[in-house]
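Notes follow the structure.
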Amino acid sequence: MADTNSSNSVEMRGITKVFGTFKANDNIDLTVKKGEIHALLGENGAGKSTLMNILYGLYSPTEGVVKINGEEVSFGGPRDAIKKGLGMVHQHFMLIEPFTVVENIILGEEPVKGISLDKKQAEDKVMELSNRYGLRISPQDKVEDISVGMQQRVEIIKALYRKAEILIFDEPTAVLTPQEIEELILILRSLADEGKSIIIITHKLDEIKALADRCTIIRRGVKIDTVNVADVSEEDLAEMMVGRQVEFKTEKPEPVLGDVALELSDLHVKDARGIMKVNGLNLSLRAGEIVGIAGIDGNGQSELLEALTGLRKVESGTVKIHNKDITNKTPKEIRDSGLNNIPEDRNKRGLVQEFTVAENMILQRYGEEPYSKGGRLNNKAIIDHAKDLMESYDVRPREPGYLAGSLSGGNQQKVILAREIHDDPDVLIAAQPTRGLDVGAIEYIHRFLVEQRNKGKAVLLVSFELDEVMNLSDRIAVIFEGEIVKTLDGNVANEKDLGLLMAGGDIDEK
Ligand SMILES: Nc1ncnc2c1ncn2[C@@H]1O[C@H](COP(=O)(O)OP(=O)(O)OP(=O)(O)O)[C@@H](O)[C@H]1O
Ligand SMILES: [Mg+2]
């Protein structure tokens, strides 16, 4: 490709970004054409969000040149980027919760002071965009009350409202259900068909194959290649990204089953609005097995998880661990009874962003030996512990003193995983355990969960990724409207049967 080409909407040349002494981006080139969907692929911490934050004016590059439609730019902030036609939907949304959907969309775009805002006109324009691109929203709802999927649609309309022609999506599908992902793919296609440029960061290789025209692969801050997606397989992409071959299927021996480790009987749990979301659920897990829960979002999974970990009241029914009743105990009592939890909502419940990685690693254990002795914190023990875990779980960079908030999205996940799994629980609840992780890290976590099972732990896996559920589970329990409607053998379950059951249908059993 020529160096300067009028069909290129974005040209980034020789981009380097240094944080302290750490090179997050190292001499990266990226060009994106008009009407193209360009994927950015790379391991957790590879430098993808950093590169896009530079493009969007959030960071200035330490070195390098950015051109938009052939014109060299130097953005002082996102405001400048928006003026040049850029829009970004971030890894963590940036909406204002108490404001309505429409207010969020038009925020900052209202007419100047003194002239009263023509709200009606603004709303009409918002709804026109919503209809044109099939971005379903409830304009008058407050952002705090809408689903994650809708928050994302609001972010997209917000960018389109500001006339974005170059749209950056940082892991848009990590927080979506499979149904929402299919919708988003159609929306992105129609935007590209209109000549807009789309840059999308995703760890899901099948999405890249389904969606993108070209893909740029980054490894540890360095660009490896830009490829035509049609010319490469998912395996090729994985290998370029990680630098070795990746196993997509986790090997596991026949399960050796022990006693019942977790038993849920006739469980009833209400959601925040008082609606019964878990409605007479029965399920038991034996030591040495992985049971996966498959279901469409909103069928009681979140309430079940919260009730199991002591964060939500059980209305009736019982939860037992090794025959010991732990119904409605506190999170700490439940933990001490041998149940650990990789929480679903890791931004809210997982990490304290302003604490260091080392502090986060002992969040629930800071009063215990060896981390505390005679009422004083033992810093050396805390740091050593963090170093060990960071090594085993490949948290990058290996800096126990880093603030959790400055780690990349995927590395934040690894910190939580390390902390929760390390406690060696009898029962491990893994909710969306690989959300936001790269394929290499997923492979690692999958092996780890199987190892736990082989060691005689009971693992309850809750995931929207059917592939993940099918790959790992010895048994698959389908949840529908708060009940387990059927349990299938993990070796024979297929996507079609699961899909039917998840939608409330039935299947013929052989
Ligand atoms: N503000 C910052 N201060 C210090 N280090 C930072 C900062 N922002 C990013 N980094 C570091 O730069 C590296 C790249 O981070 P980045 O967020 O770009 O990764 P990523 O490719 O988006 O990863 P992920 O897939 O996990 O989201 C990480 O090691 C991260 O810790
Ligand atoms: Mg990122």
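What follows is calculated from the coordinates using simple rules that are stated; it is not laboratory data. Just so you know, these numbers come straight off a predicted model, no measurement behind them. Neighbour counts are summed over all protein chains in view; Cβ atoms, including those assigned to glycine, are modelled from backbone coordinates with ideal geometry.
Observations on the model:
- Spread over its residues, the convex hull of the C-alpha atoms of segment 339-393 is 102 Å³ per residue.
- For GLU123 and ASP145, the FRET efficiency from 1/(1 + (r/R0)^6), where r spans their Cβ atoms and R0 equals 22 Å, is about 0.75.
- Distance cut-off 20 Å, percentage of C-alpha pairs in segment 58-203 lying past it: 50
- For the chain, the average shadow cast by the Cα convex hull is 26.5 nm², which is a quarter of the hull's surface.
- Residues PHE22 and ASP193, FRET efficiency given R0 of 56 Å [Cβ-Cβ distance, rounded to 0.05]: 0.90
- Axis of helix 379-392 versus longest Cα principal axis of the chain: the two differ by about 80°, to the nearest ten degrees.
- Placing a label point 7 Å from the Cα of LYS380 along the Cα-to-Cβ direction, the residues of segment 395-430 whose backbone N falls under 19 Å from that point are 400-401.
- Its Cα gyration tensor gives segment 48-98 an equivalent ellipsoid, and the semi-axes of that ellipsoid, as √(5λ) in whole Å with the largest first, are 21, 13, 9.
- Normalised by 2.2 N^0.38 Å, where N counts its residues, the alpha-carbon radius of gyration of segment 234-338 equals 1.40.
- Rounded FRET efficiency, nearest 0.05, which uses the C-beta distance separating ASN494 from ASP231 and R0 of 30 Å: 0.50
- The slack in the chain from VAL222 to LEU186, taken as 0.36 nm per residue of separation less the alpha-carbon distance, amounts to 9.9 nm.
- Length added when fully stretched, SER74-GLN179, from 0.36 nm per residue minus Cα-Cα: 33.9 nm
- Eligible lysines near LYS125 by straight Cα distance, threshold 22 Å, same-chain separation 8 or greater: LYS83, LYS84, LYS113, LYS142, LYS158, LYS163, LYS196
- Separation in nanometres of the label points that stand 7 Å from Cα toward Cβ, at LYS373 and SER316: 5.3
- Cα-based helix-to-principal-axis angle, 439-454 vs the chain, degrees rounded to 10: 0
- All-pairs Cα distance distribution in segment 295-447, expressed in whole percent, bin size 5 Å: 2, 9, 17, 20, 20, 15, 10, 5, 2, 0
- Centroid-to-centroid separation of segment 26-94 and segment 234-290 [C-alpha atoms, Å]: 37
- Each listed q (0.25, 0.27 Å⁻¹) maps to a log10 I(q)/I(0) for segment 156-234 from the Debye sum over equal C-alpha point scatterers, namely -1.38, -1.47.
- Anchor LYS48: lysines whose Cα lies under 16 Å away (excluding residues fewer than 8 positions away in-chain): LYS17, LYS23, LYS204, LYS223
- In the chain, helical runs assigned H by DSSP with n ≥ 4 each contribute -39500 (n - 2.57); averaged across all residues and rounded to the nearest 500, the mean residue ellipticity at 222 nm is -9000 deg cm²/dmol.
- The convex hull around the C-alpha trace of segment 397-483, projected and averaged over every direction, spans 6.8 square nanometres.
- Where a label projected 7 Å from the Cα of GLN364 along Cα→Cβ would reach, residues of segment 392-421 with amide N under 13 Å: 416-421
- Annotation: aspartates and glutamates with alpha-carbon distance below 14 angstrom to LYS373 (same-chain offsets under eight excluded): none found.
- Working note: Debye formula, equal point scatterers on the alpha-carbon atoms of segment 4-44, no solvent; log10 I(q)/I(0) at q = 0.13, 0.35 Å⁻¹ is -0.37, -1.14.
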